[in-house]
Number of protein chains: 2
Amino acid sequence: MKSAIVIYSGGLDSTTCLFWALDNFDEIQTVTFDYNQRHQIEIDYSKETLGLAEKIKGKKITSHYFSIDLSQIGGSALTDLSIDVPKNRDEKEIESYIPITYVPFRNGIFLSITAAIAEKNDITNIIGGWNMLDYSGYPDCRNDFLSAFESAVNYGTKRGVEGKPFKILTPLLKLKKSEIIQLGKKHKADYSYSYSCYSGKQEPCGECDACILRAKGFKEAGVKDDFLVRIGKA
Amino acid sequence: MKSAIVIYSGGLDSTTCLFWALDNFDEIQTVTFDYNQRHQIEIDYSKETLGLAEKIKGKKITSHYFSIDLSQIGGSALTDLSIDVPKNRDEKEIESYIPITYVPFRNGIFLSITAAIAEKNDITNIIGGWNMLDYSGYPDCRNDFLSAFESAVNYGTKRGVEGKPFKILTPLLKLKKSEIIQLGKKHKADYSYSYSCYSGKQEPCGECDACILRAKGFKEAGVKDDFLVRIGKA
């Protein structure tokens with residue numbers, strides 16, 4: 001029985017991971033974080049996608065939800081409503097420095113909690129949607145970080161010291177957005193409720209970094225965005 | 001200006017770290033976790049000790065409090081009230097295997113959050129009271145883990161990639177409980193409100209692993225336990 005837990009926000013990347021994982025593992029669990037993010041609506045949408053995925057793959061998914069209020073730390077436009085989310089930046093600008101939407105060490109925090117859940121539930125593999133495009137902007141999406149973190153988890157957990165090491169899997173790491181979408185489509189991913197926008201509005205704003213990168217990805221992949229098709233805006 | 005943040009529960013180890021840090025750094029901040037632990041009373045006591053430390057050292061301490069409900073994960077006697085805390089075990093038994101009071105990857109989670117707070121507040125050094133005695137029992141108190149974690153933090157934070165690496169400092173790592181107490185006393189530590197007991201009762205139970213190890217430490221150090229002196233039970 002190969003088991004895996006997917007760090008699952010319901011966005012484009014983690015939805016792709018979910019569908020990929022359903023084709024590659026026997027038992028799939030997910031963990032979704034309510035971190036008092038600006039775009040909490042992503043959690044509602046993520047549940048719709050989980051339902052679709054179970055139907056499409058004919059497989060049960062065990063979903064975990066974990067609440068951790070990262071506005072206790074602040075310092076990011078995603079958790080501090082007094083900081084504006086940047087709008088209408090071009091791709092070069094988006095990729096040139098660490099943006100204000102960076103949440104201090106968010107992936108370190110999420111990975112630590114996921115490792116604890118995996119340990120409690122006896123799951124070997126931890127899957128996340130970190131990728132090359134995020135690489136330039138967010139330091140906690142880089143392979144160097146993920147490798148070092150995997151070591152730390154295996155030194156620092158009961159399971160690790162008992163010789164049953166965790167693996168952190170990064171199926172999207174070297175892919176561009178368009179390639180991520182193509183991988184997802186290969187695994188029958190349905191993006192109708194996959195939501196990437198930072199605004200938290202019912203419909204994606206089309207102006208934030210996440211919307212801009214997503215639109216570019218679908219364009220380059222030569223595929224229509226399922227979400228925009230569903231709401232009649234494709 | 002040398003700045004440090006102490007991971008501070010108010011127990012014997014972290015109280016020692018606090019007093020040591022106040023003598024070794026210009027600016028001291030603390031972070032205390034409310035993780036829905038059985039012994040939440042430690043948070044109230046920890047505030048008393050902070051006040052004493054400020055008075056004794058004539059220095060202001062900036063204290064952070066972070067809430068994260070680890071009973072969402074469970075799997076430990078410290079966060080799941082349906083699991084009993086072991087009682088009256090001898091020291092050999094305590095040190096022989098990972099106990100049921102182990103909270104899955106707690107230090108990984110706490111360190112990640114502390115790194116995020118340190119990043120937000122521009123603090124270089126992270127100090128924790130991990131030590132040799134804990135070594136045998138809790139995997140996330142070992143030096144291998146802490147070194148790997150330091151690498152991960154420096155690869156995964158804005159500050160780390162910008163060439164201002166964090167240091168994780170472990171002043172107690174190679175000390176026995178009695179030596180920790182002696183170090184504390186050298187730095188004028190006042191343990192009158194330092195609380196280690198897992199029971200969460202107003203007065204320490206004297207029967208849990210933490211109470212047993214603490215009593216042994218004071219005995220070997222040849223010092224009376226300030227807490228017991230204060231409540232007239234020394």
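Results, tabulated for the structure shown:
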item	result
Lone unmet requirement of (1) within 19 Å of the chain's Cα centre (by Cα); (2) within 19 Å of B:Lys87 (Cβ to Cβ); (3) of a type outside the set (A, V, I, L, M, F, W, C) for B:Ser194	(2)
Filter result for the condition that a residue is over 20 Å from the mean Cα position of the chain (by Cα) and at pLDDT 95 or above, over B:Lys87, B:Lys120, B:Lys55	B:Lys55
Which numbered condition B:Val229 misses (of (1) more than 17 Å from the chain's Cα centre (by Cα); (2) closer than 24 Å to B:Gly51 by Cα; (3) crowded, with 23+ Cβ neighbours inside 10 Å)	(3)
Out of B:Leu78, B:Leu111, sole residue that is closer than 23 Å to A:Glu162 by Cβ and modelled with pLDDT of 90 or more	B:Leu111
Residue match in segment A:166-174 (condition: touching an Asp or Glu at 6+ places or on another chain (Cβ under 6 Å), modelled with pLDDT under 90 and farther than 20 Å from A:Arg230 by Cβ)	no
Among the candidates A:Val6, A:Val85, residue that is within 16 Å of A:Ser199 (Cβ to Cβ), in contact with a Cys (Cβ under 7 Å, 6 or more places away or on another chain) and among the β-branched types (Val, Ile, Thr)	A:Val85
Total residues in segment B:183-210, condition surrounded by fewer than 19 Cβ atoms within 10 Å (Cβ to Cβ) and either among the aromatic types (Phe, Trp, Tyr) or not in a loop (DSSP other than H, G, I, E, B) (or both)	3
The lone exception for B:Ile100 - which of (1) away from every other protein chain (no Cβ under 14 Å); (2) assigned to a loop (DSSP other than H, G, I, E, B); (3) surrounded by fewer than 17 Cβ atoms within 10 Å (Cβ to Cβ) it fails	(1)
In segment B:19-39, the residues that are in contact with a strand residue (DSSP E or B) (Cβ under 7 Å, 6 or more places away or on another chain) and closer than 30 Å to B:Ile83 by Cβ	B:Thr30, B:Val31, B:Thr32, B:Phe33, B:Asp34
Scan of segment A:18-33 for residues that are touching a helix residue (DSSP H, G or I) at 6+ places or on another chain (Cβ under 9 Å) and in a helix (DSSP H, G or I), ordered by number	A:Leu18, A:Phe19, A:Trp20, A:Leu22, A:Asp23
Residues (in contact with a Lys or Arg (Cβ under 9 Å, 6 or more places away or on another chain), in contact (Cβ under 8 Å) with a residue 60 or more places away in the chain and among the aliphatic types (A, V, I, L, M)) located in segment B:47-72	B:Ala53, B:Ile56
From A:Lys219, A:Lys201, A:Lys185, A:Lys224, residue being under 18 Å from the mean Cα position of the chain (by Cα) and basic (Lys, Arg)	A:Lys185
Residues (in a helix (DSSP H, G or I), of a type in the set (Asp, Glu) and more than 8 Å from chain A (Cβ to nearest Cβ)) located in segment B:116-169	B:Asp134, B:Glu150
Segment B:170-180, subset assigned to a helix (DSSP H, G or I) and out of contact with any Leu (no Cβ under 7 Å at 6 or more places or on another chain), residue farthest from B:Lys59 (Cα to Cα)	B:Ser178
Segment A:142-167: number of residues that are surrounded by 20 or more Cβ atoms within 10 Å (Cβ to Cβ) and under 30 Å from A:Lys216 (Cα atoms)	3
Scope segment A:211-229; condition part of a loop (DSSP other than H, G, I, E, B), of a type in the set (Val, Ile, Thr) and over 18 Å from A:Asn131 (Cβ atoms); matching residues	none
For B:Ile68: the one exception among (1) of a type outside the set (Lys, Arg); (2) within 13 Å of B:Tyr8 (Cα to Cα); (3) touching a Phe, Trp or Tyr at 6+ places or on another chain (Cβ under 8 Å)	(2)
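This table checks each residue for (1) within 14 Å of another protein chain (Cβ to nearest Cβ); (2) touching a Pro at 6+ places or on another chain (Cβ under 6 Å); (3) touching a residue at least 24 places away in the same chain (Cβ under 8 Å); (4) not in a loop (DSSP other than H, G, I, E, B).
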site	(1), (2), (3), (4)
B:Ser14	no, no, yes, yes
B:Tyr45	no, no, yes, yes
B:Gly74	yes, no, no, no
B:Asn88	no, no, yes, no
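Table: residues versus (1) within 13 Å of chain A (Cβ to nearest Cβ); (2) crowded, with 20+ Cβ neighbours inside 10 Å; (3) of a type outside the set (Phe, Trp, Tyr); (4) closer than 26 Å to B:Val153 by Cβ.
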residue	(1), (2), (3), (4)
B:Asp23	no, no, yes, yes
B:Ile28	no, yes, yes, yes
B:Glu48	no, no, yes, no
B:Tyr65	yes, no, no, yes
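The values are calculated or read from the model by the stated rules, or taken from the named source; none is laboratory data. No experiment lies behind these values; they were computed from the predicted model shown. Note: ideal-geometry Cβ built from the backbone for every residue, glycine included; neighbour counts use all protein chains shown.
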